[in-house]
Every structure is written in C-alpha cells, then in structure tokens.
Amino acid sequence: MLTLAGCSPGASNSGAATVPDSGEQASNPQASYSTEDFAKVRKFDAHVHANSVDPAFLQQAHEDNFELLSINVDYPDFPSIERQHDIALRFASQDPQYFHWATTFSMKGFGQPGWRQRTEAGLDKAVAEGARAVKVWKNIGMVEKDAQGRLIMIDDPGLAPVAEHVRALGVPLIAHQGEPYNCWLPLNEMTTNNDREYFAKHPQYHMYLHPEQPSYEDLMGARDRFVAAHPKLRFVGAHMASLEYDVDRLGRFLDRFPNATVDLAARMSQVQYQSNRDREKVRDFFIHYQDRLLYGTDLTQAEDADPAEFKREAHTAWLSDWRYLATGETQHIDVLEADAPGLALPREVIDKIYYRNAVREFGTASTAGAAGAPPR
C-alpha cells in the first residue's frame, strides 16, 4: 500500500452519510471545514485498488464515510486481471452504495487478429456488470511493444477504435500515462521521499536510468495527441495526468482539454511541495479548477495485508489529506521532511473535489443514497 503523508491524526467520529448544508455554509460559502467534520461529510476516493477479499477496506470506508472506486489494472505486481475482476464483482454485489469499480484490458496480442474484438467484447461485458470506467496503464508507452519491437504509445492507431468503443459505452477512460517528473531525475534530485523510495525499489520504471526509453515530453506529447483525437471521450488523467510537479502546466492541460478531469492519487506530496513555496497559487488552482479535480489516494490492499494495519494506514492517509485540503491546520509531512500548512479550501470546493465530481464522472448517483451496512 502506498501512503503519501506521515502524521499523527486525531480521532475520527462516525456520522451520517450526508454533505452538511448548514446555515453557516449558506451564509458564508467561503467557510472551510474542520478536522471534526471529516467523518460527517460524504466523500469518494476515486482511485484505490481492493486486491483482497478481506473486508477491511470497505469497513474503514464506512467508518470514514468514503465511497470507493477500485481500479483494475494490468500491473504485474497485482493479482491477475481476472482475479481483480472477481474481487470487484464480489464487493460491488455486497455493497453497491460504497463500492464501485473500473475495468481494464490486456495488451497481450495487440495488433494480432481478433485482439480488438476480444477486447471490446470484454469491455461490453464488464460495463454490463457495472464497471464505471476503463483503465489503461503506463505499460502503454513504457513496456508493451509491437511486432516490430517498437514501444506502443497511447496514440497508436490500433488503440483508437478501442477508445471510441469506450466513449460509446458512456464511461470514462482513466489513463496512467508516464510517471511523475521526478522519474527522470537522479534519486538525490527528486523532490519527495516517496518517489525516491518507489524508484529505488522499481528501477525498471526509473527513466533516469533508461535514456533509451521515451522522454517525459515524448510521453506527455503522445497522451495529449490522444486526448485531442478523442474530444468526446471522457478522459481522467490518473495521478494528476503526470503533471503533478507544476499546477500551472496542469491548468493549461485542463484548459486545452475540456473533456478531461484529473485525480490526485499518490501525488499529494508533490502538491504540498509546491504549496510550501507558494500556498496561494496552489490554493487558487484548486478553487479555479474545482470542477475538474477528483480526490484519490492509490491506497492498495494487498492480498497478504494485515487487515488492522491496513485500516490504520488508510485512515491516517485519508485524514492527513483532509487536514491539508479542507482545513488550515499545519502538519508534518514525513516524505517532505517539512511542515505543510493546509489550504483551507471553501466547503463548496471540498464537496466537489471529494464527492460531487466523482458522482458526475462515474455515474454513481443512483447508488449514492442511504448508507449501507458495513461489511462483516
């Protein structure tokens, strides 16, 4: 599991699954939430990975008032796509009000006869079963190769019909393209300790060590050409569309592509790094693009995770992010080795980033009513 910020959270309180609409908020829409509001406000983590049948993740989601979007992904360190699919169906059946999921597809056989037909049939089946989105991963652009040994980029013509098929199905495409900008820097020049740790453990994805691979700008360029070529496809840029290092550049991306939103998963420390240098610029970014941002964490419950420990870590990560985005509190961020003051975003902005935008993008309003019982 990936936890981005180390802190000592205060106690949380269980509460009703509603967004408060108090007289204070109505009279002062710029008012911010407090830490005590955390469990009272309905929230949505739009980027997690439930890779275990143990109910700990959903139990903690109920306690902290989170709906989840668990994203299946073609990642060799995860269970098979089939296993992820089975787990997703199990939880969605048990708890459709709190658990939602995104499907994916394999690139095995890409370019060969029948691949497109099999892939589209699989997507049809998954959406009919309740999948809320389709995920493509960084193996496109960084790992997978065609019959000629060339890397397959996201704007490869062979992927265009699948993208249009996703559009026709009426669900978004969630794309993890590239990596954080730190990936192209030596370890000692990276801005956050979590990136240093990840790329030290995954040198195959540390592009500074692989100059033969596409550059950062190569990957961003291919992604941008893809989004431009499919203007009616709802596009979700995972991990802040890999533009996490510069909110100005991310803003230009969102301005250019009105069909795009981005999630914040696993990139909060890069945002905090920037706000420690210019808090008002970062705060203004969140307010200006409040309709285009989705809260997410990349929390991952592995099959062998200790349930109690996972619940503690999930709560810690969720509460730390809440304190940063929703309140003006200052907390110590271990991966930055620095204190970070909170942004104290207005309640109406928090309600969008933490809930309403996800309901809009993933079409979960029909199951977003009364809270269900926690899984046992």
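The values are calculated or read from the model by the stated rules, or taken from the named source; none is laboratory data. On a predicted model such as this, the values are computed, not experimentally measured, just so you know. Cβ placement follows ideal geometry from the backbone for every residue including glycine, while neighbour counts extend to all protein chains displayed. Ligands, DNA and RNA are excluded from the accessible area calculation, which covers all protein heavy atoms including side chains. Shrake-Rupley method; radii C 1.70, N 1.55, O 1.52, S 1.80 Å.
What the table below lists for this structure:
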read-out	value
Cα-centred dipole magnitude for the chain, charges only on beta-carbon of K, R (+1) and D, E (-1), debye, nearest 20	960 debye
Extension gain, ASP146 back to ASP278 (0.36 nm per residue minus Cα-Cα distance, nm)	43.1 nm
Region 157-233: mean projected area of Cα convex hull, nm²	6.2 nm²
Rg/Rh (Cα only; Kirkwood hydrodynamic radius) as it applies to region 78-120	1.11
Cα pair distances in region 127-256, grouped into 10 Å bins until the bin that holds the longest one, percent each	12, 40, 33, 14, 1
Carbon + sulfur, % of accessible area of the chain - ligands and nucleic acids excluded, 1.4 Å	50 percent
Residue-span extension gain [ASP248 to ALA338] - 0.36 nm each, minus C-alpha spacing	30.1 nm
Percent breakdown of C-alpha pair distances by 5 Å bin, ordered from the shortest bin, for region 215-264	5, 21, 34, 29, 9, 1
Taking all pairs of distinct alpha-carbon atoms in region 44-107, Kirkwood radius in angstrom	11.8 Å
Long-range HN-HN contacts of LEU299 with modeled amide H, under 5 Å	HIS49
Centre separation in Å (Cα based) which lies between region 260-306 and region 135-206	18 Å
Of VAL171, LEU209, ALA222, farthest towards positive along the dipole that unit charges on Lys, Arg, Asp, Glu beta carbons give region 169-235	VAL171
Distance (nanometres) between label positions extended 7 Å along Cα→Cβ at ALA31 and GLU329	1.9 nm
Listed residues GLN290, GLN117, GLN272, most fluctuating in the chain (Gaussian network, C-alpha, under 10 Å)	GLN117
Nearby lysines by direct alpha-carbon distance to LYS352 (threshold 28 angstrom, same-chain neighbours under 8 apart not counted)	LYS40, LYS43, LYS135, LYS138, LYS232, LYS281, LYS311
Per-selection Kirkwood Rh - region 247-346 (Cα, Å, 1 d.p.)	14.7 Å
Test item: Cα-centred dipole of region 229-306, Lys/Arg +1 and Asp/Glu -1 on Cβ, debye	520 debye
Dipole magnitude of region 210-272 about its Cα centre (Cβ charges: Lys, Arg +1; Asp, Glu -1), debye to nearest 20	340 debye
Rg over Rh, two decimals, region 101-152 (C-alpha only, Kirkwood Rh)	1.02
Rounded tilt (10° steps) of 81-94 against the dominant C-alpha axis of the chain	40 degrees
Contact order relative to length of the chain, as percent, for alpha carbon pairs under 8 angstrom and 6 or more apart	25 percent
5 Å-binned pair-distance histogram of region 197-292 (Cα, whole percent)	2, 11, 20, 22, 18, 15, 9, 2
D (Stokes-Einstein, µm²/s), Kirkwood Cα radius, region 117-202, 1.002 mPa s at 20 °C	141 µm²/s
Helix 115-129 axis, angle to the chain major axis (alpha carbon atoms, nearest 10°)	30 degrees
Debye log10 I(q)/I(0) for region 279-319, one point scatterer per Cα, at q = 0.28, 0.33 Å⁻¹	-0.94, -1.09
Approximate shape of the chain as ellipsoid semi-axes (Cα gyration tensor, √5λ), whole Å, largest first	31, 24, 20
ALA128-HIS202 FRET efficiency (beta carbon distance; Förster radius 41 Å; 0.05 resolution)	0.70
